[in-house]
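Participant: First the structure, then my questions, so here it is.
The values are calculated or read from the model by the stated rules, or taken from the named source; none is laboratory data. For clarity, every value in this text was computed on a predicted model and none was experimentally measured. Quick reminder, even Gly has a Cβ in these numbers, built from the backbone with ideal geometry, and neighbours come from all protein chains shown.
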Protein chains: 2
Amino acid sequence: MLKNMNFIEKLRETGLRPTKQRVKICEILFNREKTFHFTINDLAKKISEELNEKISLATVYNTVHALQKKGYLKEISINSNKSYFDTNTSVHHHFYDEDTHQLIDCDENEIETVNVKKNITGKKINSVEVLVRVASDNQNQN
Amino acid sequence: MLKNMNFIEKLRETGLRPTKQRVKICEILFNREKTFHFTINDLAKKISEELNEKISLATVYNTVHALQKKGYLKEISINSNKSYFDTNTSVHHHFYDEDTHQLIDCDENEIETVNVKKNITGKKINSVEVLVRVASDNQNQN
DNA sequence: TTATATATTATAATTATTCTAAACTGTTGA
DNA sequence: TCAACAGTTTAGAATAATTATAATATATAA
């Protein structure tokens, strides 16, 4: 996994000043094996847990949005009043468990490439995302 | 197009009391040719415009959620801090124009059937939705 | 090292949504 | 028909997520 030095480099490369807070957030987000699905709140909580130090919520928002703009994070579409982010920025899809509200990454090969036949003049396709909603088999939908 | 009588029937059939407000909301939502994508706010605005009468926002929320629970409306997954609803409850997909924030329905045949190979034990697939994000071709993403 | 542009922070403001409790209305059955 | 009850509507308060603000602090270039 990457060392802090790398984060400092990486941030600088993309034109983001490597401030203390940004480097810390990068550590938490990217020093891990598996990809991380989180809300801003999850992240803020993790910061104060793991670092015994608080970072202003506004900074967490700013930093996450900055990282997203630079392509280090991806926002995920789910119906929810919260925004979810994903450290896996490659093209991939999600299962959403409606019982537990858990989000599960799909391997590329678990969903066949989606063939979009329509195109809109003057517009380019930015992304094609599939969301598979699942729920317990014996749930009656009252 | 359906007459109010039909809405009263329909509501009653599904166990929703056909109150004045619910019938009005049904009129606005379902007395139209093309499907309607809206937020609660859009709907509330339309009500006061078309009917010169206000319905409490709380009632709009309650009614939309009741209609959704009964399957007359579908909630759409987009990254946004608002919830979008769709009067087209059939399985279909969407284009989302990131420039104009417009949502466009996809005909069934404009996206090939998505083949999901993964399945999760004890869970059934409720829906498979594709969201295609498009944006102006000459936009630099700075 | 200093000047300057940028970032952080606490807090206020905003926006979407849900809750609450009182008033009201649709429905059921005498 | 009408009383009674359960379900609904309502305005406004409460909550939650996010964004704006403006003062302070920091990173970086010269």
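Participant: Check A:Ile55, A:Ile76, A:Ile40 and return the single one that is of a type in the set (Val, Ile, Thr), closer than 22 Å to B:Val132 by Cα and either in contact with a helix residue (DSSP H, G or I) (Cβ under 6 Å, 6 or more places away or on another chain) or free of Cβ contacts under 8 Å to residues at least 60 places away in the same chain (or both). Spell out the reasoning first.
Facilitator: Details: A:Ile55 fails: closer than 22 Å to B:Val132 by Cα; A:Ile40 fails: closer than 22 Å to B:Val132 by Cα.
Testing whether each residue is of a type in the set (Val, Ile, Thr), closer than 22 Å to B:Val132 by Cα and either in contact with a helix residue (DSSP H, G or I) (Cβ under 6 Å, 6 or more places away or on another chain) or free of Cβ contacts under 8 Å to residues at least 60 places away in the same chain (or both) leaves just A:Ile76.
Participant: Let me ask another. Mind listing whichever residues of region B:48-75 are crowded, with 18+ Cβ neighbours inside 10 Å and either polar (S, T, N, Q) or within 13 Å of B:Arg22 (Cβ to Cβ) (or both)?
Facilitator: Applying the first criterion (crowded, with 18+ Cβ neighbours inside 10 Å) to region B:48-75 yields B:55, B:60, B:63-64, B:66-67, B:72-74.
Selection gives B:Ile55, B:Val60, B:Thr63, B:Val64, B:Ala66, B:Leu67, B:Tyr72, B:Leu73.
Participant: Here's a follow-up. Which of the residues that make up region A:98-132 are more than 7 Å from chain B (Cβ to nearest Cβ) and among the acidic types (Asp, Glu)?
Facilitator: Narrowing region A:98-132 to residues more than 7 Å from chain B (Cβ to nearest Cβ): A:99-105, A:107-109, A:113, A:119, A:121.
Passing the criteria: A:Asp99, A:Asp105, A:Asp107, A:Glu108.
Participant: Kindly indicate the residue of region B:89-140 that is touching a residue at least 40 places away in the same chain (Cβ under 8 Å) and either within 20 Å of B:Gly71 (Cβ to Cβ) or not acidic (Asp, Glu) (or both) and also surrounded by the fewest Cβ atoms within 10 Å (Cβ to Cβ) among those meeting that condition.
Facilitator: Among residues in region B:89-140 that are touching a residue at least 40 places away in the same chain (Cβ under 8 Å) and either within 20 Å of B:Gly71 (Cβ to Cβ) or not acidic (Asp, Glu) (or both), the one surrounded by the fewest Cβ atoms within 10 Å (Cβ to Cβ) is B:Gln139.
Participant: Moving on. Out of B:Lys45, B:Lys34, report the one residue that is free of Cβ contacts under 8 Å to residues at least 24 places away in the same chain, under 15 Å from the mean Cα position of the chain (by Cα), over 23 Å from B:Arg17 (Cα atoms) and more than 10 Å from DNA strand C (Cβ to nearest atom). Show your work before the answer.
Facilitator: Numbers: B:Lys45 fails: under 15 Å from the mean Cα position of the chain (by Cα).
Of the residues listed, the single one that is free of Cβ contacts under 8 Å to residues at least 24 places away in the same chain, under 15 Å from the mean Cα position of the chain (by Cα), over 23 Å from B:Arg17 (Cα atoms) and more than 10 Å from DNA strand C (Cβ to nearest atom) is B:Lys34.
Participant: May I pose another question? Out of the residues in region A:64-73 that are outside any loop (DSSP other than H, G, I, E, B) and touching a residue at least 40 places away in the same chain (Cβ under 8 Å), which is farthest from DNA strand C (Cβ to nearest atom)? Talk me through it step by step, then tell me what you get.
Facilitator: Of the residues in region A:64-73, the ones outside any loop (DSSP other than H, G, I, E, B) are A:64-69.
Narrowing further to those that are touching a residue at least 40 places away in the same chain (Cβ under 8 Å): A:66-67.
Details: A:Ala66: 7, A:Leu67: 11 Å.
Among residues in region A:64-73 that are outside any loop (DSSP other than H, G, I, E, B) and touching a residue at least 40 places away in the same chain (Cβ under 8 Å), the one farthest from DNA strand C (Cβ to nearest atom) is A:Leu67.
Participant: Of all residues being within 14 Å of DNA strand D (Cβ to nearest atom) and out of contact with any Phe, Trp or Tyr (no Cβ under 8 Å at 6 or more places or on another chain) in region A:27-42, which is nearest to A:Cys106 (Cα to Cα)? Just the residue, please.
Facilitator: Among them, the one singled out is A:Asp42.
Participant: Next question. Modelled with pLDDT under 90, over 14 Å from the mean Cα position of the chain (by Cα) and either within 13 Å of DNA strand D (Cβ to nearest atom) or at the interface with another protein chain (Cβ under 10 Å from one of its Cβ atoms) (or both) - does that describe any residue in region A:55-78?
Facilitator: No, region A:55-78 contains no residue that is modelled with pLDDT under 90, over 14 Å from the mean Cα position of the chain (by Cα) and either within 13 Å of DNA strand D (Cβ to nearest atom) or at the interface with another protein chain (Cβ under 10 Å from one of its Cβ atoms) (or both).
Participant: Taking region B:1-26 as the region of interest, how many residues are touching a residue at least 12 places away in the same chain (Cβ under 8 Å), assigned to a helix (DSSP H, G or I) and within 13 Å of DNA strand D (Cβ to nearest atom)?
Facilitator: Residues that pass the stated criteria total 9.
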